[in-house]
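What follows is one structure encoded as C-alpha cells, with my remarks underneath.
The values are calculated or read from the model by the stated rules, or taken from the named source; none is laboratory data. The model shown is predicted, which means the values in this text are computed figures rather than measured ones. With ideal geometry, Cβ positions are generated from the backbone for all residues, glycine too; neighbour counts draw on all protein chains shown.
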Amino acid sequence: MSGSESARAGRRGITLSPTGLTTFLVIDAILVLTFVVLLVMHLANTPGATPAPPAAATTPTPSATEQPETTPEVTVPVAPPENAALTEFTLPSGNIWCSMDETSATCVIGQFSFTPPTPPPDCTGTVGPVLTVTADEGAFLPCVDQVPPRPADAPVLDYGQASTIGEMTCHSSRNGATCRHDPTGEGFSVARAGYTIL
C-alpha cells in the first residue's frame, strides 16, 4: 500500500449506519440516566448526608378583591376631581355604610376585628361600630343603643371616589371609609382591623 492510500484509509475512520448511530445514542442515554439514578440513591442513603431542604411552602397571595377595607387610612386621601353628592352610600364590600349632611358624617362598620374602646359609665349601649364627625365636636365613637342598619337602597361609592355634602367629605378606598370636616380637617378613618381619629 502506498503512502497516499494509507493516509486515505486513516482519514476514513469508523462509519456507522443510521440504525447503528440511533442504537448508540439510545444506549448512551440509558447509561447516563442509570448513573444519575444510582447517584441520587447513594446520596439519599448515605449516613450523615445533609438532606436537601424541603421546598418552601407557598402561600397564595390574596387577591385585591378578597379582603378589602382591612387597614384604616392614616391621612386623609386626596379628593378626586369629581365628587359625588351622596347623603347615604355603602362601600363596595357592603361592610361599611355612611350617611352625611352639611355638618356631620357617620359611618357604620358591620364586621370588624379591632377592640373597641371601653364605653363610658353612662353608656348603656355599645361603642365601636359607629364613628361620627361633626362640625362642633370633631370625630368620636358615640355610644349607640342600636347600630343603624345598612340602608337597603343606598348607592355604592366606588373605591377612589368621594362624596361632599356641605362642609363634610367622605372617601371610599380599599383602606375603608374616611370622613372629615373640611374647614378643620378633623375626621376619622375606619376599616376591619382598626380605626383612626384624624
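Numbers at a glance
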{"quantity": "Residue list for the stretch 174-198, filter: small (G, A, S) and assigned to a loop (DSSP other than H, G, I, E, B)", "calculated": "G185, A193"}
{"quantity": "Looking only at the stretch 168-185, and only at residues there that are in contact (Cβ under 8 Å) with a residue 24 or more places away in the chain and surrounded by fewer than 19 Cβ atoms within 10 Å (Cβ to Cβ), the one that is farthest from F140 (Cα to Cα)", "calculated": "R174"}
{"quantity": "Residue in the stretch 62-70 that is modelled with pLDDT under 60, of a type in the set (A, V, I, L, M, F, W, C) and exposed (fewer than 10 other Cβ atoms within 10 Å of the Cβ) present", "calculated": "yes"}
{"quantity": "The stretch 93-139, residues that are surrounded by 19 or more Cβ atoms within 10 Å (Cβ to Cβ) and among the aromatic types (F, W, Y)", "calculated": "W97, F112"}
{"quantity": "Pair list, Cβ < 7 Å and 6+ apart or interchain, from the stretch 105-121 residues that are at pLDDT below 95 to residues that are of a type in the set (S, T, N, Q) and assigned to a strand (DSSP E or B)", "calculated": "P119/T126"}
{"quantity": "Any hit, the stretch 100-109, residues being touching a His at 6+ places or on another chain (Cβ under 9 Å), within 15 Å of A85 (Cα to Cα) and part of a loop (DSSP other than H, G, I, E, B)", "calculated": "yes"}
{"quantity": "Verdict on G160 being crowded, with 17+ Cβ neighbours inside 10 Å and modelled with pLDDT under 95", "calculated": "no"}
